[in-house]
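Following: one structure in structure tokens, then a few remarks.
The values are calculated or read from the model by the stated rules, or taken from the named source; none is laboratory data. No experiment lies behind these values; they were computed from the predicted model shown. Don't worry about glycine lacking a Cβ; one is built from the backbone with ideal geometry, like all the others, and counts go over all protein chains shown. SASA here: full protein model, heavy atoms, side chains in, ligands and nucleic acids out. Shrake-Rupley method; radii C 1.70, N 1.55, O 1.52, S 1.80 Å.
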Amino acid sequence: MSTIAFLGLGHMGGPMAKNLVAAGHTVRGFDLVPAAQDAARAAGVTVIDTAEEAVTGADAVVTMLPNGAIVTSVYEAVLPHAAKGTLFIDSSTISVDDARAVHALAEAAGMQQVDAPVSGGVKGADAGTLAFMVGGDDAAFAAAQPVLEPMAGKVIHCGGSGNGQAAKVCNNMILAVQQIVVGEAFVLAEKLGLADQALYDVVTGATGNCWSLHTNCPVPGPVAGAPSGNGFKPGFATALMNKDLGLAMDAVSSTGASAPLGTHAAELYSAFAQDNGDLDFSAIIQTLR
Ligand code: NAD
């Protein structure tokens, strides 16, 4: 079993660190917020006073932080304190460019490093069933697999550095567009006199079926437990979808890719997030009525 430093013990990082402890690893955790430290301590994490101290002597360092600027500053702070050859895994959702930049920092300091963003949300973090999308060379991927396994339902090697983040932004751009168009279909059906349940029953057995319908149905009734039946309590918060679409748009503009629907979805979510950031992203249907 390994000694793993875990930096960022929030909604996602806390339960991920808990699953590493449950798998028998020694986890040395650090977070700026006392409540996150307390929850991690209760889950068996050894909470350390500074990030620099947490990485000292660790075999692997996992980061689960809010954004690319913070990941960069944490890497700059801790890299000099880690032993050469330490494996760095960044599971935060950050831009492809930032992911490649922090990879270069880690490589220059003599470390192995992968980007390994996740999907599956807080529920998946708690259950240890996250999907990890990993970018890095074959040796770093092989080294990362046993560390990721206790937190994972699925681990997919997406190619070189940054490709995990590339997969994540592409997936979430698809998801955003689908959630909007599923909402549009329910609103159109209502205007045409077609019942929500009838539309649901037809489309879940037809070619329009998708997660935004069969699991995250934006009207209450057809799917027990969907956020739409619970005042749009997330789920996946609009603020997080807006963040991820911002990263997708960074990638669209830096590559010159054509993404007219993704761009429009980003505009709609950016406006909706102003006052509704804490609602599930399926609540975008409210803007269509
Ligand atoms: P969060 O805000 O709950 O947790 C982030 C934690 O990082 C906080 O506890 C914060 O105190 C800590 N932190 C900030 N700066 C720090 C520093 N310099 N050193 C140490 N700790 C620091 O956010 P979250 O929901 O856990 O998300 C974390 C990452 O995972 C984000 O990049 C997010 O986009 C991504 N993500 C979140 C979800 C989700 O459903 N919440 C799903 C997939 C991916």
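Results, tabulated for the structure shown:
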{"item": "Debye log10 I(q)/I(0) at q = 0.26 Å⁻¹ for the stretch 62-115, Cα point scatterers", "result": "-1.01"}
{"item": "Exposure rank, largest accessible area first [Leu213, Leu240; 1.4 Å]", "result": "Leu240, Leu213"}
{"item": "For the stretch 17-29, Karplus couplings with θ = phi - 60° (6.51, -1.76, 1.60), whole Hz, Gly/Pro x", "result": "5, 4, 5, 5, 4, 4, 7, x, 6, 8, 10, 9, x"}
{"item": "For the chain, built as a Gaussian network whose Cα springs stay under 10 Å, the top-fluctuating residue of Gly193, Gly159, Gly110", "result": "Gly193"}
{"item": "Taking N as its residue count, the alpha carbon Rg of the stretch 1-111 over 2.2 N^0.38 Å", "result": "0.97"}
{"item": "Peptides 272-281, 90-99 ordered by average Cβ neighbours within 10 Å, highest first", "result": "90-99, 272-281"}
{"item": "Count of lysine pairs in the chain with Cα separation under 20 Å (8 or more residues apart, or interchain)", "result": "9"}
{"item": "Nitroxide proxy distance, nm - points 7 Å out along Cα→Cβ at Gln145 and Glu184", "result": "4.2 nm"}
{"item": "Per residue value of the accessible surface for the chain (all protein chains in place, 1.4 Å probe), Å²", "result": "44 Å²"}
{"item": "Solvent-free Debye scattering, log10 I(q)/I(0), computed from the Cα coordinates of the chain at q = 0.09 Å⁻¹", "result": "-0.46"}
{"item": "By accessible area with a 1.4 Å probe, ligands and nucleic acids excluded, highest first: order of Lys18, Lys168, Lys154", "result": "Lys154, Lys18, Lys168"}
{"item": "Helix 96-108 vs. the chain, principal-axis angle (Cα, 0 to 90°, nearest 10)", "result": "10 degrees"}
{"item": "Rh by Kirkwood over Cα pairs, then Stokes-Einstein D for the stretch 83-178 at 1.567 mPa s and 4 °C, µm²/s", "result": "98 µm²/s"}
{"item": "Accessible surface of the stretch 219-263 [probe 1.4 Å, protein heavy atoms]: carbon and sulfur percent", "result": "60 percent"}
{"item": "Cα-projected label distance for Ala83 with His264, points at 7 Å along beta-carbon direction, nm", "result": "5.6 nm"}
{"item": "Relative contact order of the chain, defined on C-alpha pairs under 8 angstrom at six or more residues apart (%)", "result": "13 percent"}
{"item": "Distribution of pairwise C-alpha distances over the stretch 188-247, 10 Å bins, in %", "result": "21, 44, 29, 6"}
